[in-house]
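The values are calculated or read from the model by the stated rules, or taken from the named source; none is laboratory data. Being a predicted model, the structure only gives us computed values, none of them experimental. When we count neighbours, we look across all protein chains shown, and the Cβ atoms used for this are built from the backbone with ideal geometry, even at glycine. Surface accessibility is based on the protein's heavy atoms, side chains included, excluding ligands, DNA and RNA. Shrake-Rupley method; radii C 1.70, N 1.55, O 1.52, S 1.80 Å.
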Amino acid sequence: MKRFALLFTFLLALSLLASACAPVTPVTSTAPENPNIILATTTSTQDSGLLDVLVPLFEEQSGYAVQTIAVGTGAALAMGQEGNADVLLVHAPAAELPLMESGDCKDRFLVMHNDFAIVGPASDPAGIRGKTTATEALALIAESEATFISRGDDSGTNKKERALWTDTDYSPNDTKPAWYVESGQGMGNTLMIASEKAAYTMTDRATFLANQENLDLEILVEGDEVLLNVYHVMTVNPEKSNAINYTGALAFANFLIDPATQDVIREFGVEKFGQPLFFPDADKTDADLGL
Amino acid sequence: MFNAEVFQITILSLQISALATGLSLFIGLPLGTWLALGKFPGRSFLLSMVNTGMGLPPVVVGLFVAMMLWRSGPLGNLQLIYTPAAIIIAQVVISFPVVTGLTAAALQALDPRLILQLYGLGASQMQMIWMLWKEARLPLLAALMAGFGSVISEVGASMMVGGNIRYQTRVLTTAIVLETGKGNFDVAIALGLLLLTITFLVNWALTWIQQRSARR
């Protein structure tokens, strides 16, 4: 038994050593007391490359080190609720509000939006091309029983899609007809599946543009006000646990809504895709975006 | 694309998986020997548990380790979640049953008369175990290779407990998932080939040691 106790101690010591070897936080003159913050966010902000621009900028300006965990919005909100993250950057307004009411999160600021679009094969078997409302397009897909790929992963995009179906006379999410396929994967993979199956899906514009060259899909319906994809930053309530770095979380939130950062967001992707991927909104209110 | 970042990711993957395999050997070799040679009640039950552990799904291990290490979990105060140490812990949990199970199988395949003979020659218990390890060195090296293979190629646990954080916990497998999600299939394939090459080189080195000792 003694040998095993020794082994265990050795293992623990090694793991502590390994964590001590973890990359050292950049030290600046204004080095904060607790420099580590955990940001829980959605795959779309990471897959589009936006965070690769914003996070280093923030780390350089503030001296904080940000650990970015990219998961679905459902998981990101759960991490906030459990106090496993300090700050959240998410896009499911209806699911965000309960966390503010319950006191799980403390501050919430409007950061930016981009938009969703309904994409599908060029042949467009359901004939949705050019329809002006998402509701009309989804109803046509359901009527013609054309294959539709849903994320099915409780992400922000998935929550949005399910909300859109409730405005139609169809509820494939409950009845699970054969034409309604749930991929259970991220947006990039779901677009690939839709492309291979010549099916329809709903996607955020940023991920679609980033993957476009690999896809046989076209944007068929866009521009409807309900298709806005609105991002908020939320700080987790420090009363939940001593481990929460509220000062750092608030610094990151304030960084995102700072006018200089908002300009960076506006410019992001213009060079590569010829159009912006995100539209800064810090000077607007939820009401301006129809929330 | 073979820039400094890819180099850093590769080195990190190798460091994490090598350390995890080393720790698995440290636990698995004595434990497997004990299970193979010991005579005590519940031994075959423990062996069955270890053999089941050889097929543990990495993503389940990841979830379990993450729940332990999250701030809300019992070991949250250690602040290990989303660090390389967290990945090492998860990978040890994945690979030590592999090393343990294959060590036990290797030693049990030896001729039981060998132990009697060694005792007859006056060997102490430690000397006897040492001789058995030397005798079984070929399957033991195979156990080491299997342990390394199970962790360098694993993605579910690394993603969950490491978080795929750039410059900190992004390893080759999680980088491949990320690049696939971004639609950069060419980069994902290049990283995949890099991973295969590294796994091959490590196994080549171990096989060389194994076969050299076989000829002796």
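Quick one: go through segment A:163-197 and flag any residue whose amide nitrogen is under 13 Å from the point 7 Å out along the Cα-to-Cβ line of A:Glu145. Once the point is set 7 Å along Cα→Cβ of A:Glu145, A:177-180 turn out to lie under 13 Å by backbone N, inside segment A:163-197. The figure for B:Trp130 is an accessible area of roughly 150 square angstrom, using a 1.4 Å probe on the protein chains alone.
How large is log10 I(q)/I(0) at q = 0.07, 0.10 Å⁻¹ when the Debye formula is applied to the Cα atoms of the protein assembly as shown, each weighted equally and without solvent? Here the Debye-derived log intensity ratios amount to -0.47, -0.86.
Within the same chain, lysines fewer than 8 places from A:Lys272 are excluded, and of the rest, those with a Cα less than 21 Å from its Cα are B:Lys182.
Computed with the Debye formula from one identical point scatterer per Cα of segment A:116-227, without solvent, the log10 of I(q)/I(0) at q = 0.09, 0.14, 0.16, 0.23 Å⁻¹ comes to -0.18, -0.46, -0.61, -1.46.
Tell me what chain B gives for mean residue ellipticity at 222 nm when only DSSP H runs of n ≥ 4 count, each as -39,500 (n - 2.57), the sum divided by the residue total, rounded to 500 deg cm²/dmol.
Details: 9 runs with 160 residues, N = 216.
Dividing the helical sum by the residues of chain B leaves -25000 deg cm²/dmol.
Ordering A:Phe252, A:Phe279 by accessible surface, largest first, gives A:Phe279, A:Phe252; the 1.4 Å probe counts only protein heavy atoms, with every chain in place.
List residues of segment A:117-141, by number, whose backbone nitrogen lies under 16 Å from a label position 7 Å along Cα→C-beta of A:Ala198. Of the residues in segment A:117-141, A:120-128 have backbone N under 16 Å from the label point off A:Ala198.
Taken residue by residue and averaged, Cβ atoms of other chains lying within 10 Å of the Cβ of A:34-47 number 2. Using just its DSSP H runs of length 4 or more, each adding -39500 (n - 2.57), chain A gives a mean residue ellipticity at 222 nm of -12000 deg cm²/dmol after division by all residues.
For chain B, the longest principal axis of the C-alpha atoms and the axis of helix B:172-182 are separated by about 30°. Note on A:Ala287 and B:Met126: their simple-model spin labels are 8.1 nm apart, each label 7 Å out from Cα toward Cβ.
What is the calculated FRET efficiency for A:Leu97 to B:Ile198, with r their C-beta to C-beta distance and R₀ = 35 Å, to the nearest 0.05? Computed FRET efficiency for A:Leu97 and B:Ile198 comes out at 0.15.
Within the straight-line cut-off of under 29 Å between alpha carbons, the lysines reachable from B:Lys39 are A:Lys2, B:Lys134, sequence neighbours fewer than 8 places apart in one chain being disregarded. A crude spin-label estimate for the pair B:Ala142 and B:Ser72, with each label 7 Å from Cα along the Cβ direction, gives 4.6 nm. Relative to the longest principal axis of the Cα atoms of chain A, the long axis of helix A:50-62 lies at roughly 30 degrees.
Hey, what angle do you get for helix B:58-69 against the long axis of chain B, alpha-carbon based, 0 to 90 degrees rounded to 10? Roughly 80 degrees, rounded to the nearest 10. In the complete set of protein chains, residue-level accessible area for A:Met202 is approximately 10 Å², probe 1.4 angstrom.
Given charges of +1 on the Cβ of Lys and Arg and -1 on the Cβ of Asp and Glu, with all other atoms neutral, how large is the dipole of the protein assembly as shown about its Cα centre, in debye to the nearest 20? Let's see the in-between values first.
Values: 29 positive and 46 negative charges, 766 e Å.
With Lys and Arg at +1 and Asp and Glu at -1, about 3680 debye.
For A:Arg266, the solvent-accessible surface computed with a 1.4 Å probe is close to 110 Å², ligands and nucleic acids excluded. Any idea what % of Cα-Cα pairs in chain B are farther than 23 Å? For chain B, the fraction of Cα-Cα distances above 23 Å is 53 percent.
From the C-alpha gyration tensor of segment B:111-153, pull out the three semi-axes of the equivalent ellipsoid (sqrt of 5λ each), sorted largest to smallest, in whole Å. Each step should come with its number before you reach the end.
Numbers: eigenvalues 173, 18, 7 Å².
Largest first, segment B:111-153 gives 29, 9, 6 Å.
Multiplying the residue separation of A:Thr132 and A:Trp179 by 0.36 nm and subtracting their alpha-carbon distance yields 14.6 nm.
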